[in-house]
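Engineer: One structure follows; several queries about it will come next.
What follows draws every value from the coordinates through simple rules; no lab data is involved. Source: prediction; values computed, not measured. Because the Cβ atoms are built from the backbone with ideal geometry, glycine has one as well, and the counts that use them run over all protein chains shown.
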Amino acid sequence: MARIIGGLTSSHVPAIGGAIAKGLQQQPYWKPFFDGFLPVHRWLDEVKPDVAVVFYNDHGLNFFLDKMPTFAVGAAAEYRNADEGWGLPTLPPFRGEPDLSWHLIEHLVEQEFDITTCQEMLVDHAFALPLKLFWPEGVPVATVPIAINTVQFPLPSARRCFALGKAVGDAIRSWDSDQRVVVIGTGGLSHQLDGQRAGFINKPFDQAFMRSLVDDPEWATRFSIHELVEKAGTQGVELLMWLATRAAVGGRVRQVHANYHIPISNTAAGMMALEAL
Ligand code: DHB
Ligand code: FE
């Protein structure tokens, strides 16, 4: 059966794509952010995952406000990156793993998750940039995207996203394959791009959330969506992707590395690498 080797989480601020394209990784503004990934590159070289299951939120590229699935799972042989309006150079297509996609879809529906199945799926900065950050030399893993709606209300609760993650983890572990799977969650941490609180960042909350992912993974499920928006900002609610990732990994974890840096654009930028024990 397939094995989950761990979980990776990262912010996905679009400006990262511009910084990579312009080679700004060593500039004082960007260095504390990009340096956070170096220990994770070494860990990935050691553990060598074959497949990445990626929880992310689409920002109006593959889904728009007229059709917005709460949960959507990709089932394509390839996922093309496109730019929904930031002016970012696109990255090469990502390889899919349809056998795992369909296994996940069958398991999730059987577990009563009413998901949308996507045999074609464009992926935006939230999918592409974290993969580029984890594998700057080229993405060696096959991928399965899972989109969670965090852009148009009503959003799925933290408890529901945790349950989804747990079901995804169970499905991966029951996949008849000897492949090694890493689960990735992108977005967050605290940020708010619009309204009176634009620029809002909440460092104590972010740090408590990051700590909880190591040894109290269900901690964030106590909060309603409105409480999460209040604490983390309208877009900071993307931390739901981190929560689903941690739920999928399950059990106990070792923190390989974590980084937290304020600000990147309007966002408190965080990343974590957690090894399954
Ligand atoms: C920013 C952050 C995001 O998560 C996003 O999707 C778009 C923009 C930002 O901080 O600029
Ligand atoms: Fe975002």
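Engineer: Take every Cα pair under 8 Å in the chain that's 6+ residues apart, average their separations, divide by the length, and report that relative contact order as a whole percent.
Structural biologist: 32
Engineer: List the residues whose amide H sits under 5 Å from the amide H of V123, counting only those 5 or more places along or on another chain, with H placed 1.01 Å from N in the peptide plane.
Structural biologist: Long-range HN contacts for V123: R80, N81, A82.
Engineer: Amide H of I184 versus every other amide H placed in the peptide plane: which residues, excluding those fewer than 5 positions away on the same chain, fall under 5 Å?
Structural biologist: Residues meeting the criterion, in which the H sits 1.01 Å from N, are L8, V53, V54, F55.
Engineer: Please report, in debye to the nearest 20, how large the charge dipole of the stretch 3-276 is about its Cα centre when each Lys and Arg carries +1 at its beta carbon and each Asp and Glu carries -1 there.
Structural biologist: The calculation lands at about 820 debye.
Engineer: Moving on. Just to check I understand the Karplus step: with θ = phi - 60° and J = 6.51 cos²θ - 1.76 cosθ + 1.60, what whole-Hz values come out for the stretch 253-265, glycine and proline as x?
Structural biologist: Result, rounded to whole Hz: 9, 10, 6, 6, 6, 8, 9, 9, 9, 10, x, 10, 6.
Engineer: Which whole-number percent gives the relative contact order of the stretch 183-276, counting Cα pairs below 8 Å spaced six or more residues apart?
Structural biologist: The value is 38 percent.
Engineer: Would you mind checking which residues have amide H under 5 Å from T143's amide H? H placed 1.01 Å from N; only 5 or more apart, or other chain.
Structural biologist: Under 5 Å from the amide H of T143: A52, R95, G96, E97.
Engineer: So if I take the centroid of the Cα atoms in the stretch 242-277 and the same for the stretch 37-68, what is the distance between those two points in Å?
Structural biologist: Taking the Cα centre of the stretch 37-68 as reference, the centre of the stretch 242-277 is 12 Å away.
Engineer: Going Cα to Cα from K48, which lysines come in below 27 Å? Please leave out same-chain ones fewer than 8 positions away.
Structural biologist: Straight-distance partners of K48: K31, K132, K166.
Engineer: Lys and Arg at +1, Asp and Glu at -1: add these up for the other residues within a Cβ distance under 11 Å of I262 and post the number.
Structural biologist: Numbers: positive: K203; negative: D206.
Once positives and negatives cancel, what remains is 0.
Engineer: What does the charge count near D176 come to, summing +1 for each Lys or Arg and -1 for each Asp or Glu among other residues with Cβ under 15 Å from its Cβ?
Structural biologist: It works out to a net charge of -3.
Engineer: Classify the chain: rounded, prolate or oblate, from the alpha-carbon gyration tensor (a ≥ b ≥ c, eigenvalue square roots; a/c under 1.5 rounded; otherwise prolate if a/b is larger than b/c)?
Structural biologist: Verdict is rounded for the chain.
Engineer: Sorted by average packing, counted as other Cβ atoms within 10 angstrom per residue and highest first, what order do 119-127, 199-207 take?
Structural biologist: So the order, starting with the most tightly packed, is 119-127, 199-207.
Engineer: Same structure again: Only loop residues by DSSP count here, and only those with at most 14 other Cβ atoms within 10 Å; note down the GluC sites (Glu not before Pro) in the stretch 166-260 that meet that.
Structural biologist: Counting only loop positions with at most 14 other Cβ atoms within 10 Å, the GluC sites (Glu not before Pro) in the stretch 166-260 are E218.
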